[in-house]
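The structure appears below as structure tokens.
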Amino acid sequence: MNDYRALTRCPITRIGDIRAESEINEITGLVLLKQEKRVVTSPKNPLKPLHVFGIIIRDAEMDFIYVTCWGSREYIEHMASKFEIQSIVRIKNPIVKIKNFDSDDEVYRPWTPSDYCLVLNEPIGLIELTDESSRPDLISLASFPIRDHNDFYTLEDLVVDQRNKINQDANLLFCIREVKSVQEIKNRNGQMRSKLELIIFDQTKDYFKLNIWDKELIKFASSWLVKKTVIFAVDLRLYFNEYTKCLEASTTSRTIFTVNPDISEGYCLYKHAKTCQFAQTLPIIDQISI
């Protein structure tokens, strides 16, 4: 029994080994997602704002976990400035928490297979950038989608059945047709938000709009190349644009992108993109209106 208890207290170094009683000194993973920094109101002290951002790290094909980082503005800005999406990082001194699937936090977080999440608190919680060359096993995970290789809609699927797709979430496999300039837009609450509009296509449809809102996702997407970058997108929100009278897609707090996914469907789309000729020139909308 004593040996068992000693074993459970051994520091964990792999995501798949995390349990409620786990002690973690540090854990290393590939950054699948990095969300923009936010300021929230503390329920205990409404006059003291809390600064936070979230990431997902992965150390095996089906082992990835959500990490929340809390602290002062200076601390959060310092932690967030160290790395980007697809960086290799070390998470130091995190607290293990059991997911509360009924909480609002879980509803708006990306899906992860772990029953746990990690929390970093100022000042002991740290995120450190790691040399990519030291962990080629983690770099290779960047091209593995977090859903089954065929778990996605074609763009034609969306357009043909768009009445039933409005306000639904969807996974899409697509290639880039155009990356537009970032816009600053005021939302209903009077806050300014950054938006990047992409025109995307696949073998079934050569024009569809995707709007990216999160600043970190915008930074990630700004490097994507026309007719060369293939994306497997998870949990995009579909909506009907009253102005364009067309179905469009938008990122949410649950969206994760896999660039140039290592799946047969991705290779087929890449080959199609290299030789395809578009039927219409932008900005003509090639979709069926409701």
Length-normalised contact order for the chain - Cα pairs under 8 Å, 6+ apart - percent: 16 percent
Label of the coordinate-derived value, percent of Cα pairs over 31 Å apart, listed as (1) 23; (2) 44; (3) 33: (3)
Shape category assigned to the range 142-182 from the gyration tensor of Cα positions, a/c cut at 1.5: oblate
20 °C / 1.002 mPa s Stokes-Einstein diffusion coefficient of the range 66-218, Kirkwood radius on C-alpha pairs, µm²/s: 113 µm²/s
Cβ-derived FRET efficiency at R0 41 Å, residue 60 paired with residue 178, nearest 0.05: 0.70
Euclidean distance between Cα centres, the range 73-110 to the range 182-202, Å: 24 Å
Extension reserve of the residue 95-residue 191 stretch, reckoned as 0.36 nm per residue once the Cα distance is removed: 31.3 nm
Inter-site label distance for residue 226 and residue 275 at 7 Å from Cα along Cβ, in nm: 2.2 nm
The range 135-290 - accessible surface per residue (Å², probe 1.4 Å): 50 Å²
Projected label distance in nm at residue 78 and residue 244, using a 7 Å step from Cα toward the beta-carbon: 4.3 nm
Modelled label reach - residue 133, point 7 Å along Cα→Cβ, the range 83-122 residues with backbone N closer than 13 Å: none
Which listed pairs, of 165/227; 186/209; 48/99; 186/227, have C-alpha distances above 29 Å, in listed order: 186/227
Relative contact order of the range 190-242, pairs being alpha-carbon contacts under 8 Å that are 6 or more residues apart, as %: 26 percent
Estimated dipole of the chain in Debye, rounded to 20 [Cβ of Lys and Arg +1, of Asp and Glu -1, Cα centre]: 840 debye
Amide H contacts under 5 Å for residue 230, placed H, 5+ residues apart: 260
Long-range amide H partners of residue 252 with built H, under 5 Å: 237
Accessible carbon and sulfur surface of the chain relative to its total accessible area, %, 1.4 Å: 49 percent
Cα-based helix-to-principal-axis angle, 264-275 vs the chain, degrees rounded to 10: 40 degrees
Positive-end residue, the range 1-115 charge dipole about Cα centroid, Cβ charges, pick of 100, 70, 11: 70
The range 50-166, relative contact order in percent, only Cα pairs under 8 angstrom and at least six apart counted: 30 percent
For a label point 7 Å along the Cα-to-beta-carbon line of residue 102, residues of the range 26-69 with backbone N under 17 Å: none
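The values are calculated or read from the model by the stated rules, or taken from the named source; none is laboratory data. Because the structure is predicted, anything quoted here is derived from the model rather than measured. For neighbour counting, all protein chains shown are included, and Cβ atoms are generated from backbone atoms with ideal geometry for every residue, glycine included. Protein only, heavy atoms only, side chains kept; ligands, DNA and RNA dropped before computing areas. Shrake-Rupley method; radii C 1.70, N 1.55, O 1.52, S 1.80 Å.
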